[in-house]
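The values are calculated or read from the model by the stated rules, or taken from the named source; none is laboratory data. For clarity, every value in this text was computed on a predicted model and none was experimentally measured. So basically every Cβ, Gly included, is an ideal-geometry build from the backbone, and we count neighbours across all protein chains shown. Quick note on the areas: whole protein, heavy atoms, side chains included, nothing else; ligands and nucleic acids left out. Shrake-Rupley method; radii C 1.70, N 1.55, O 1.52, S 1.80 Å.
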Amino acid sequence: MNSKEVKEIQELFSTPKKVVVVPHKNPDGDAMGACLAMYHYFNSTGHSATVVSPNDYPNFLKWLPASRQVYKFDSQNRQSKNAIDEADIIFLLDFNALHRVGDDMKNTLECFSGTFIMIDHHQQPDDVAKYIYSDTSICSTCQMVYHFLEKLESLSAITPAIATCLYTGIMTDTGSFRFPSTTSTTHRIIADLIDKGANNAKIHNHVYDTNSYGRLQLLGRALSNLVVIEQLKTAYIALSQSDLDEFNYQKGDTEGVVNYALSLKGIIFAVIFIEDSEQKLIKISFRSKGSFSVNKFARAHFNGGGHDNAAGGRTEISLDATISKFLNILPQYKNELLNSYEE
Ligand code: 5GP
Ligand code: MN
């Protein structure tokens, strides 16, 4: 986003605007944090903003300021469509292609004739927005929203609610400030967000220390299902629909589980396969350490994508067939896997 585009955006917001803010389907902490930060920013600066999420978001995010005001496109379809119809400007946050909101909402967004602005840190953004602020080197969309407000000379408009939302997204997308994408700039921004009213200890508690008994039991099942392929530095976990049902699965309960597989000494590629009988698909999360790109792997074989070290994908075959497919492909990557990361 160059300075001419920033000027145009400033011009755009020189009169009151109706803004809709959209995260990707199954939004995570970064997507929800970015959307709600924008919601608070525009509503406190003379505009009117609504967040329309494609579907529900995890319980561990339901404490975020104004999260209850978010419309869900699947279950609040009429309100969501009205908001989109009436909008002047739509922000697309934390995703790089329209299909990431799901087919129904994609169709609605494709009819929108106003201005799209995309802010995202995933690779290869589609050319769907008039203004695209894309930077794959930045750890989180929330950090990009901070830089966006900086470009608009609006850092002084960051309220405690905005600071809380941005802190949450940066924290969750960096694995609590530990992934290599975490820079000194990230830490300086985090310090500023604490100064502006983000209560860091409370945010960590809300996100990480509000597990249900069922969620921890499901984690136990996931860990006992862990399979290690030492000679390929790979580990994977499969959770069937019956595993999920047994522990009263709630959205978000499997978030972060794949990282336990990656935490094994010597493992640089970790995968979790999760069966979803209702949608008739297997949802897959890929994580890696070092140069082995799970974005490329997910794009090439599992209908997905993401970042070099964190990506998602899906299949529409059975859980067993998905795992077989994965195990058949894996040896092709032996050299890359063995040379990806030095301890
Ligand atoms: P997760 O495994 O947590 O669902 O996703 C990991 C990362 O990859 C997230 O940043 C997520 O937004 C991204 N991602 C997940 N699925 C897809 C996909 O199908 N396409 C693309 N481009 N990114 C994805
Ligand atoms: Mn993100």
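Output the residue which, of all residues in region 240-273 that are under 21 Å from Ile329 (Cβ atoms) and within 21 Å of the chain's Cα centre (by Cα), is most open to solvent (accessible area, probe 1.4 Å).
Filtering first and then ranking leaves Leu262.
Specify which of the listed residues (Lys72, Lys4) is more than 24 Å from the chain's Cα centre (by Cα) and among the basic types (Lys, Arg).
Just one listed residue meets the conditions, Lys4.
Taking the condition of being open to solvent by 10 Å² or more (accessible area, probe 1.4 Å) and more than 10 Å from ligand 1 (Cβ to nearest atom), how many residues in region 276-287 meet it? Lay out the reasoning, then the answer.
At the first step, the residues of region 276-287 found to be open to solvent by 10 Å² or more (accessible area, probe 1.4 Å) are 276-281, 283, 285, 287.
Add one more test, that the residue is more than 10 Å from ligand 1 (Cβ to nearest atom), and what stays is 276-281.
The number of residues fulfilling the criteria is 6.
So, in region 252-275, exactly how many residues are of a type in the set (Asp, Glu), under 26 Å from Gly169 (Cα atoms) and more than 11 Å from ligand 1 (Cβ to nearest atom)?
Within region 252-275, the subset of a type in the set (Asp, Glu) is 253, 255, 275.
Restricting the remaining residues to those that are under 26 Å from Gly169 (Cα atoms) gives 253, 255.
Now drop any that are not more than 11 Å from ligand 1 (Cβ to nearest atom), which leaves 253.
Residues meeting the conditions: 1.
Any residue in region 268-292 that is hydroxyl-bearing (Ser, Thr, Tyr) sitting within a Cβ distance under 7 Å of a residue that is within 16 Å of ligand 2 (Cβ to nearest atom)? List the pairs, counting only those 6 or more apart or interchain.
Listed pairs, sorted by first residue: Ser285/Val258; Ser285/Gly312; Ser288/Val294; Ser288/Asn309.
This table checks each residue for (1) within 16 Å of ligand 2 (Cβ to nearest atom); (2) farther than 17 Å from Cys35 by Cα; (3) touching an Asp or Glu at 6+ places or on another chain (Cβ under 7 Å); (4) among the aromatic types (Phe, Trp, Tyr).
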{"residue": "Val70", "(1), (2), (3), (4)": "no, no, no, no"}
{"residue": "Asn77", "(1), (2), (3), (4)": "no, yes, no, no"}
{"residue": "Ile89", "(1), (2), (3), (4)": "no, no, no, no"}
{"residue": "Asp120", "(1), (2), (3), (4)": "yes, no, yes, no"}
{"residue": "Glu153", "(1), (2), (3), (4)": "no, yes, no, no"}
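Which one of these does Ile138 not meet: (1) of a type in the set (A, V, I, L, M); (2) in a helix (DSSP H, G or I); (3) within 16 Å of ligand 2 (Cβ to nearest atom); (4) over 23 Å from Val52 (Cβ atoms)?
It is condition (2) that Ile138 fails.
Quick check on my filter: what residues within region 288-301 are within 13 Å of ligand 1 (Cβ to nearest atom), open to solvent by less than 60 Å² (accessible area, probe 1.4 Å) and over 16 Å from Asn26 (Cβ atoms)?
The first filter runs over region 288-301 and keeps only residues within 13 Å of ligand 1 (Cβ to nearest atom), leaving 288, 293-301.
Now drop any that are not open to solvent by less than 60 Å² (accessible area, probe 1.4 Å), which leaves 288, 293-295, 297-298, 301.
Scanning region 288-301 gives Ser288, Ser293, Val294, Asn295, Phe297, His301.
Among the residues of region 38-73, write down those that are within 19 Å of Asn205 (Cα to Cα), part of a helix (DSSP H, G or I) and not aliphatic (A, V, I, L, M).
To start, the set of residues in region 38-73 that are within 19 Å of Asn205 (Cα to Cα) comprises 57-67.
Checking which are part of a helix (DSSP H, G or I) leaves us with 59-61, 67.
Correct list: Asn59, Phe60, Ser67.
Residue check: is Ala87 of a type in the set (Gly, Ala, Ser) and within 22 Å of Ser134 (Cα to Cα)? Working first, answer last.
Values: of a type in the set (Gly, Ala, Ser): yes; within 22 Å of Ser134 (Cα to Cα): no.
No; evaluated as a whole, the condition is false for this residue.
Would you check which residues across region 179-196 are more than 16 Å from ligand 1 (Cβ to nearest atom) and open to solvent by 30 Å² or more (accessible area, probe 1.4 Å) and list them?
Across region 179-196, the qualifying residues are Thr183, Ser184, Thr185, His187, Arg188, Ala191, Asp192, Ile194, Asp195, Lys196.
Only one residue in Asp88, Asp126, Asp120 is open to solvent by less than 10 Å² (accessible area, probe 1.4 Å), over 29 Å from Tyr249 (Cα atoms), charged (D, E, K, R) and out of contact with any Cys (no Cβ under 9 Å at 6 or more places or on another chain). Which one? Let's see the steps before the verdict.
Values: Asp88 fails: open to solvent by less than 10 Å² (accessible area, probe 1.4 Å); Asp126 fails: open to solvent by less than 10 Å² (accessible area, probe 1.4 Å).
After ruling out the rest, the residue left standing is Asp120.
Can you name the number of the only condition in (1) over 19 Å from Met118 (Cα atoms); (2) more than 13 Å from the chain's Cα centre (by Cα); (3) of a type in the set (A, V, I, L, M, F, W, C) that Leu61 fails?
(2)
Here's the yes/no breakdown for (1) of a type in the set (D, E, K, R); (2) within 19 Å of His99 (Cα to Cα); (3) away from ligand 1 (no atom under 14 Å from the Cβ); (4) out of contact with any helix residue (DSSP H, G or I) (no Cβ under 6 Å at 6 or more places or on another chain):
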position: Phe116; (1), (2), (3), (4): no, yes, yes, yes
position: Gln124; (1), (2), (3), (4): no, yes, no, yes
position: Ala129; (1), (2), (3), (4): no, yes, yes, yes
position: Val145; (1), (2), (3), (4): no, no, yes, no
position: Phe148; (1), (2), (3), (4): no, no, yes, yes
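Could you check, for region 100-113, whether at least one of its residues is within 15 Å of the chain's Cα centre (by Cα), surrounded by 21 or more Cβ atoms within 10 Å (Cβ to Cβ) and outside the structural domain of Thr254 (by TED's automatic domain parsing)? Give the derivation first.
First pass over region 100-113, keeping only residues within 15 Å of the chain's Cα centre (by Cα): 100-102.
Cutting the leftovers down to surrounded by 21 or more Cβ atoms within 10 Å (Cβ to Cβ) gives us 100-101.
Add one more test, that the residue is outside the structural domain of Thr254 (by TED's automatic domain parsing), and what stays is 100-101.
Yes: one or more hits.
What are the residues in region 91-118 that are within 16 Å of ligand 2 (Cβ to nearest atom) and touching a strand residue (DSSP E or B) at 6+ places or on another chain (Cβ under 7 Å), if any? Let's see the steps before the verdict.
Initially, region 91-118 is screened for residues within 16 Å of ligand 2 (Cβ to nearest atom), giving 91-97, 100-101, 118.
Selection gives Phe91, Leu92, Leu93, Asp94, Phe95, Asn96, Val101, Met118.
Cys35 is checked against (1) touching a residue at least 40 places away in the same chain (Cβ under 8 Å); (2) part of a loop (DSSP other than H, G, I, E, B) and fails just one. What number does that condition carry?
Here Cys35 clears every test but (2).
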